[in-house]
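The values are calculated or read from the model by the stated rules, or taken from the named source; none is laboratory data. Being a predicted model, the structure only gives us computed values, none of them experimental. Methodologically, a virtual Cβ is constructed for each residue, glycine included, from the backbone with ideal geometry; neighbour enumeration extends over all protein chains shown. Note: accessible area is taken over every heavy atom of the protein model, side chains too, but ligands, DNA and RNA are not part of it. Shrake-Rupley method; radii C 1.70, N 1.55, O 1.52, S 1.80 Å.
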Amino acid sequence: MVCHDGSQQSIDALKMTRWSLMNERKDEVVVAHCWSAKKNEYLSLELKYDHIKDSSDTECIALGSRWQFDDMEMVDGGKTAKELLNEAAEKHNVHVCVVGWHGRKGPKKDLTVMGSAVQHMAVNNKTPIFVLKDPIARKDKPDNSYRWSALIDGSRESLRALIYIAKLKQV
């Protein structure tokens, strides 16, 4: 599942997933987008619902039935985008959520700090989170490969992350 808010980081996350991470012949992708009718009135074009939906359609149309767009409207007093994205991951039974380092508000002054939604998902999501910071596709890397890391503390969850990274290397 790619969490898409219209930011350049989200666009990069979708393209990286589509062209470098997923197995073209068998993997499926869900593009998840949380939106608010109130915010949609004042956001710039690239951050509006219709633009995000259309650009996602364009990027994924060749996948046919192996992709879907899940839009979740946020209402006053309702669930936050963070909660809705976690629910979407569970609903679609995704194996990994791909997110950009930051969202539509842009990078923080301290570049080591992630956006708040990314931080929330990294701590509270039940599925592994793939946080994209460097949007360079494998084909554009000098040695045509990625370097992967997993932070291991001996827990079952961290060992699952290591196994997942090992599987990604086989793509």
Quiz item: Based on Cα positions only, what radius of gyration and what Dmax would you give for region 1-61, in angstroms?
Solution: 12.1, 40
Exercise. Provide the per residue accessible area, probe 1.4 Å, for region 24-76, rounded to a whole number of square angstrom.
Key: 62 Å²
Quiz prompt | For region 13-98, convex hull of alpha carbons as volume per residue, Å³ | solution = 95 Å³
Self-check item: Point-to-point label distance, LYS15-LYS133, nm (Cα→Cβ direction, 7 Å offset)
Solution: 2.0 nm
Quiz item: Assigning unit charges at the beta carbon (Lys, Arg +1; Asp, Glu -1) and nothing else, what dipole magnitude in debye, to the nearest 20, does region 1-58 show about its Cα centre?
Solution: 80 debye
Practice problem: Quote the FRET efficiency, to the nearest 0.05, computed for ASN23 versus LEU162 with a Förster distance R0 of 25 Å and r equal to the Cβ-Cβ distance. | Solution: 0.80
